[in-house]
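The values are calculated or read from the model by the stated rules, or taken from the named source; none is laboratory data. Owing to the predicted nature of the structure, the values given are computational and were not obtained by experimental measurement. Here Cβ is always computed from backbone atoms with ideal geometry, including for glycine, and neighbour counts include all displayed protein chains.
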Amino acid sequence: MKMIKTLGLLLGAALAVQAPVQAQNFPNKPINLMVPYPAGGLSDIIARKINVPLATELKQPVIIENLGGAGGAIAAQKVLNAPADGYYLFQGSPNELILAPLAMKAVKHTPDDFRLIQRMAMAPMAIVASKNFPGNTPQEMVAEIIKRSKSGKPVNYASVGIGSFYHLLGEEMAKKLGAEMLHVPYKGGGPITQDLMGGQIDLFITPYGAPHVHMAKEGKIKFIAALSPQPQRLIPDVPSIDAAKELKGFHYTIGSGYYVKKGTPEPIVEALHRALTKVMFDADFRNTMTAMGQEVGEPLRLDQTQQVYADEVKLYQGIAKSIKLEAQ
């Protein structure tokens, strides 16, 4: 009995030592960067501007994996199915981690299953339309939405999935206008942009970047309104949504951050936080994000991330409650 007890103590001590040793050696193999949408969208573009400098900091390749579907929940679940060892980074937002579980019964994860490591950028948002959409200003858009709602042929709008932030904003806008709008869910921003250009989609409430501005300049899509009280840097000639009195104050941005599975050892979390923070000061990254219209703010200290994430959970769950979002 004494020998068994001694062996048990030795085994426990060995396991206790193993975790710090693994953390000290982190990373000793490539890191997977999970992007919860198909290639070609804004999330994918951001990931491809981060993975190279991040690989330089970590001294290991950072491999991007695109996995769309279920509002990003499929990708989130794949990260949760992997060990909590830091080798799977999730590039996410409130869409996938907070809203998807509220919107879909099939989604089993909760916001508490993830830990925020660093917020990398905040994206301005706008309402983008098909080039053939009759309205060109916020006021004209509102008039068209109301007119078509009354005629029984509602304006449609796209989102990256049921329960996504952009779905909720479409529902909130329809509620404010007292009009019916038709929601069309997609797996990612890339396919939505294709259908916007093809005229199958009327409106898309979305973060945007330089590629969207370029498409607008070529006449392939058009910007209707900036979701801010003042014009935005990349689209200075696009009016604020406040120009439509029915939608005054309809202002939103959304952040892009990096998360790991909860329970990842603290030394590994610290190593990832250090690397991502250094990437935020990388001149090429900042210049690229600025050119794309993204706002790179001050990095979060690791001791700030938990409260920032908790505040986001409270905010977005509140929006979902306000429009009476029900899981389907």
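So that you can scan it fast, the table gives a plain yes or no per residue for (1) touching a residue at least 24 places away in the same chain (Cβ under 8 Å); (2) in a strand (DSSP E or B); (3) outside the structural domain of Gly72 (by TED's automatic domain parsing); (4) more than 24 Å from Lys49 (Cβ to Cβ):
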{"position": "Pro267", "(1), (2), (3), (4)": "yes, no, no, yes"}
{"position": "Glu270", "(1), (2), (3), (4)": "yes, no, no, no"}
{"position": "His273", "(1), (2), (3), (4)": "yes, no, no, no"}
{"position": "Thr277", "(1), (2), (3), (4)": "yes, no, no, no"}
{"position": "Leu300", "(1), (2), (3), (4)": "yes, no, no, no"}
{"position": "Asp303", "(1), (2), (3), (4)": "no, no, no, yes"}
{"position": "Gln306", "(1), (2), (3), (4)": "yes, no, no, yes"}
{"position": "Val313", "(1), (2), (3), (4)": "yes, no, no, yes"}
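Kindly list, by first and then second residue, each pair from a residue in segment 151-180 that is β-branched (Val, Ile, Thr) to a residue that is surrounded by fewer than 18 Cβ atoms within 10 Å (Cβ to Cβ) and modelled with pLDDT of 90 or more, limited to pairs with Cβ atoms under 6 Å and residues at least 6 apart or on different chains. Close Cβ pairs satisfying both conditions: Ile162/Pro185.
What residue, of Gly161, Gly190, is touching a Pro at 6+ places or on another chain (Cβ under 8 Å) and on the phi > 0 side of the Ramachandran plot?
Details: Gly190 fails: on the phi > 0 side of the Ramachandran plot.
On inspection, the qualifying residue turns out to be Gly161.
Count of segment 147-199 residues, restricted to those that are at pLDDT 95 or above, closer than 26 Å to Leu97 by Cα and among the hydroxyl-bearing types (Ser, Thr, Tyr), is 1.
Scan segment 236-257 residue by residue and report those that are part of a strand (DSSP E or B) and more than 19 Å from the chain's Cα centre (by Cα). The one that is part of a strand (DSSP E or B) and more than 19 Å from the chain's Cα centre (by Cα): Ser240.
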